[in-house]
Amino acid sequence: MLNRIWKSLRDQRGITGLETAIILIAFVVVAAVFAYTALSAGIFSAQKGSETIYSGLKQAAGSMQLKGGVIAKDTDADNQVNQLIFVVATGVGGEAIDLTVPTDAGGDGLADAGSTHKMVISYQDKNQQINNVAWSKSILGFGDSDDLLEPGEEYQITVDLTAVDGGANPLVKDTEFTLELKPMQGGTLIITRTTPNYIDTVVDLR
């Protein structure tokens, strides 16, 4: 009896080769899953980063820039600004920007509800904020006859302030105002100026 007990205590066989292989394969599979997950997360992050960079570059490429100063005009000698005139061009290496002019059938200085224009201009001062004011354009120097502001072209923009001039708070002397030009694609061009202490027929707000 003691001999049998002694033999049973000495018979401590290790795990077989098959069991070792199974455990090894399990470790390899788990490691592969973790590696794939980490690789997928890295690729996803890199893709999102490249999309963000591309979007930023595309927006910068579609931006406008102001060329020169801003002219304020008093067209009816009432000491109030009736028009704002300035020149715009595309940014360096920029893409074409749609400058289809809004329609103003009512003559109230606001773009019609059914107008198909792409760029919206807003006016703001300390007393009011007016969206979608009417404006017109004319090509300066080199350019074609379409409605696109393309690289190498310059357009003169005339903003109609009838909606401002006809209201309770017209644009008069010593008033800071802001124009926001918001094209369909690209960044917003913000123009902030202050009228002088006397409104002449033509005033350079440079």
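Is at least one residue of the range 155-168 in contact with a helix residue (DSSP H, G or I) (Cβ under 7 Å, 6 or more places away or on another chain), under 22 Å from residue 99 (Cα atoms) and in a loop (DSSP other than H, G, I, E, B)?
First, pick out the residues of the range 155-168 that are in contact with a helix residue (DSSP H, G or I) (Cβ under 7 Å, 6 or more places away or on another chain): none.
No, the conditions are met nowhere in the range 155-168.
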Among residues of the range 114-133, those that are in a strand (DSSP E or B) and closer than 15 Å to residue 101 by Cα, counted: 4
Any idea which residue in the range 95-104 is surrounded by the most Cβ atoms within 10 Å (Cβ to Cβ), counting only those that are of a type in the set (Asp, Glu) and touching a residue at least 60 places away in the same chain (Cβ under 8 Å)? 95
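Give the number of residues within the range 69-104 that are under 19 Å from the mean Cα position of the chain (by Cα) and part of a loop (DSSP other than H, G, I, E, B). Quick ask: steps written out before the conclusion?
Of the residues in the range 69-104, the ones under 19 Å from the mean Cα position of the chain (by Cα) are 88-100.
Next cut, part of a loop (DSSP other than H, G, I, E, B) only: 91-96, 99-100.
Looking only at that region, the number is 8.
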Is it true that residue 134 is among the hydrophobic types (A, V, I, L, M, F, W, C), under 18 Å from residue 195 (Cβ atoms), buried (at least 18 other Cβ atoms within 10 Å of the Cβ) and touching a Gly at 6+ places or on another chain (Cβ under 7 Å)? no
State the number of residues belonging to the range 164-190 that are touching a Phe, Trp or Tyr at 6+ places or on another chain (Cβ under 7 Å) and either of a type in the set (Val, Ile, Thr) or more than 16 Å from residue 125 (Cβ to Cβ) (or both). 1
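Tell me which residues, restricted to the range 105-134, are within 21 Å of the chain's Cα centre (by Cα) and either over 20 Å from residue 185 (Cα atoms) or free of Cβ contacts under 8 Å to residues at least 60 places away in the same chain (or both). Even if it seems obvious, please write down each step before you answer.
Narrowing the range 105-134 to residues within 21 Å of the chain's Cα centre (by Cα): 116-124, 129-133.
Correct list: 116, 117, 123, 124, 129, 130, 131, 132, 133.
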Which condition from (1) more than 23 Å from the chain's Cα centre (by Cα); (2) closer than 24 Å to residue 74 by Cβ is the one that residue 137 breaks? (1)
Index of the failed condition, residue 68 passing every other in (1) surrounded by fewer than 16 Cβ atoms within 10 Å (Cβ to Cβ); (2) touching a residue at least 24 places away in the same chain (Cβ under 8 Å); (3) farther than 20 Å from residue 203 by Cβ: (3)
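Bear in mind these aren't lab numbers, they're just calculated from the coordinates by the rules spelled out. Predicted model, so just to flag it, every value in this text is computed and none were measured. Cβ atoms come from the backbone with ideal geometry, glycine included; neighbour counts cover every protein chain shown.
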